[in-house]
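Structure first, then comments.
The values are calculated or read from the model by the stated rules, or taken from the named source; none is laboratory data. Remember, predicted model here, so these are calculated numbers, not experimental data. Backbone-built Cβ (ideal geometry, glycine too); neighbour counts: all protein chains shown. Calculation scope for accessible area: heavy atoms of the full protein, side chains included, ligands and nucleic acids excluded. Shrake-Rupley method; radii C 1.70, N 1.55, O 1.52, S 1.80 Å.
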Amino acid sequence: GYLINCGATRRSVIDGRVWLPDGNFISAGTSKSLTVPGLVPTLSTVRSFPLENKNLRRKFCYVVRVYRGARYLIRTTYYYGGVNGLDFDSPPVFDQIVDGTFWSVVNTTEDYGKGLSSYYEGVFEAKGNTMSVCVASNTYTVSDPFISSLEMLILGDSIYNTTKFDSHALHLVARHSFGHNGSIIRYPDDQFDRYWQPYEENVSVTASKKIPAVSGFWNIPPSKVFETALSTAQLESMELRWPPFSLPNSTYYIALYFADNSDSMSSNSRVIDMHINDVRYYSNLVLSSEGAAVFATRWPLGGLTKITLSPAANSNGSPLINAGEIFDVLRLGGRTHTRDGMLANFFYLLLCNDDADSVKTQSATDLTYWGALPFTIENEHLVIALEELKNSWRNPPLDWNGDPCLPRDYTWTGVKCSEGERTRVISLNLTGMGLLGSLSPSIANLTALNGIWLSNNSLSGVIPDLSSLKLLEIL
């Protein structure tokens, strides 16, 4: 994967890991240093993207080479530091995008008011040989968007593999280690550098004496999250308000983690029932020292969420819980056709119902591999043709990075795309852009073009053979 220190001009080693400057990944924006004392190195510089003539709905993209078919944890971090000057004491509010998918709105105002940075985390599958991660100005933006750091880390094949990553992605809402009151649990405790926030409730905290082997555990949580648990002193129900904030109405992926490591309990004597907002989530889960995870891939939620853990009728022990994750399930916005094929995500046999909307449970020894099922998409040349066209100019438009057509609100300057599932570039209007250079013959590969406007530029060389453009009406 990549650790990119945005705005930095040289490599640095932080906690034994190499962070790269961002100049090789993006061609737009300005590197700026913050004057706030005491910042960690990855927050002390930012890349800022000036709003020229209030150009809303423009995106600025980091383009990174990736392994097609691999699953990536993508984390963006933002610390404003007053980078836009005294006239803008609050951070701008803007969008972030992965390839052609709208990821989320970036609003760091509350955290910045507390002197904190903000981070956003998602899980996306690489559909081609490159991925783009973009910040984009929207109608809420009042000053220049910015970014402090970008991390793109490969996840293991088993991680979150019940999600259909050919059509969806995951946006992290909350990830907590229950009963933990120290600093964030992360790398090297978590080999994939996921952040597990501390979380305490008004219930008792128990410390574990034995830690389950997590190498074969569902989603491979770090063993450190099993060192503490939330529990009750009596044989009674336990209620958690988790996550600790209101959720927008959406469909969520929920994973809860359990391990019973008490020496005083006999084997298989702690059995619990679970409800979310008084709806049955799972019944008769037997907790053992081996650990177990209970997860739902598509669970509707909205507003405040209540998780109730109750001792089952045959239980001799009170309920407990070690950790939890919840993600918003994002539908992919698509991707403008390229000539690259795609590789399906792995499928696994879980010893349970394979209904995607049902709740599943899995212990550390239940996982059986079925292997990979490759498939391809129709070969296209659109993105490559536009990239070659861009490279033939010495001063291409600043936002010609990332997906040319998607999301629909963020098409490249001068590019008009077709509607529908099969996205094509249907016109180029670059009048008066002051372009310098030649016109690449690859423009002839944009076979859906019906109009080309290139007047008031300073192009030189020959006009390429355009006979392949059968739909062209205006030149």
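Which of the peptides 153-162, 440-449 is most tightly packed, and how do the rest follow, going by the mean number of other Cβ atoms within 10 Å of each residue?
Numbers: 153-162: 17.6, 440-449: 19.4.
Ranked by mean Cβ neighbours within 10 Å, highest first: 440-449, 153-162.
Need one word for the range 17-78: rounded, prolate or oblate. Basis is the Cα gyration tensor (sqrt eigenvalues a ≥ b ≥ c); a/c below 1.5 gives rounded, then a/b vs b/c decides.
Numbers: a/c = 2.15, a/b = 1.11, b/c = 1.94.
Oblate, since a/c reaches 1.5 and b/c is not below a/b.
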Worksheet item: K210: which lysines have alpha carbons under 28 Å from its alpha carbon, excluding same-chain residues fewer than 8 sequence positions away?
Response: K224, K360
Response to the item:
Simple SL model, points at 7 angstrom along Cα→Cβ for S31 and A233; separation in nm is 5.8 nm
Response to the item:
From the Cα centre of the range 205-283 to that of the range 45-96, the distance in Å is 36 Å
Worksheet item: Got a sec to turn the phi values of the range 194-207 into Karplus ³J(HN,Hα) couplings, 6.51 cos²θ - 1.76 cosθ + 1.60 with θ = phi - 60°, whole Hz, x for Gly and Pro?
Response: 6, 9, 10, 6, x, 8, 10, 10, 7, 9, 6, 10, 10, 9
Worksheet item: Between G128 and residues 5 or more places away or on another chain, which pairs have amide H atoms under 5 Å apart, with H built 1.01 Å from N, and which residues are they?
Response: G69
Fill in: [x] 154; [y] 202; [z] 214, with the label sought being that of the calculated volume of the Cα convex hull per residue in Å³
[x]
Item to complete: Check cross-link reach from K390 to the aspartates and glutamates: straight Cα distance under 14 Å, and skip same-chain residues fewer than eight apart.
Response: D399, D403
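In what sequence, largest accessible area first, do E419, E151 appear using a 1.4 Å probe? Spell out each step's value before the answer.
On the way: E419 145, E151 5 Å².
Result, largest first: E419, E151.
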Worksheet, complete the sentence: Subtracting the Cα-Cα distance of T9 and S283 from 0.36 nm times their residue separation yields 93.2 nm
Response to the item:
Note: probe point = Cα of F88 + 7 Å toward Cβ; backbone nitrogen < 15 Å; residues of the range 4-40 passing the test are 29-34
Response to the item:
Asserting the computed 222 nm helical MRE of the chain (DSSP H runs at least 4 long, -39500 (n - 2.57) per run, divided by residue count, to nearest 500) equals -1000 deg cm²/dmol
Worksheet item: Which of the peptides 233-242, 461-470, 42-51 is most tightly packed, and how do the rest follow, judged by the mean count of other Cβ atoms within 10 Å per residue?
Response: 42-51, 233-242, 461-470
Worksheet item: Angle between the Cα long axis of helix 382-391 and the longest principal axis of the chain, 0 to 90 degrees, nearest 10?
Response: 60 degrees
Practice prompt. Show the residues, 5+ positions off or on another chain, whose built amide H is closer than 5 Å to the amide H of W103.
Written response: Q96, I97, V98
Fill in: Interchain or long-range residues, amide H under 5 Å from W453's placed H
L428, N429, L430
Worksheet, complete the sentence: So E200 and N107, fully extended at 0.36 nm per residue minus their Cα-Cα distance, gain in nm 30.9 nm
Discussion item. As an exercise, use a Förster radius of 51 Å and the Cβ-Cβ distance of T413 and D189 to find the FRET efficiency, rounded to the nearest 0.05.
Written reply: 0.70
Discussion item. Once you keep just the Cα pairs under 8 angstrom separated by 6 or more residues, what percentage relative contact order results for the chain?
Written reply: 13 percent
Worksheet entry | Packing-based order for 397-404, 427-434, 408-415, using average beta carbon neighbours within 10 Å, highest first | 397-404, 408-415, 427-434
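Using r as the Cβ-Cβ distance of S455 and N391, and R0 as 22 Å, what FRET efficiency do you calculate, to the nearest 0.05?
Numbers: r = 22 Å, r/R0 = 0.98.
About 0.55, to the nearest 0.05.
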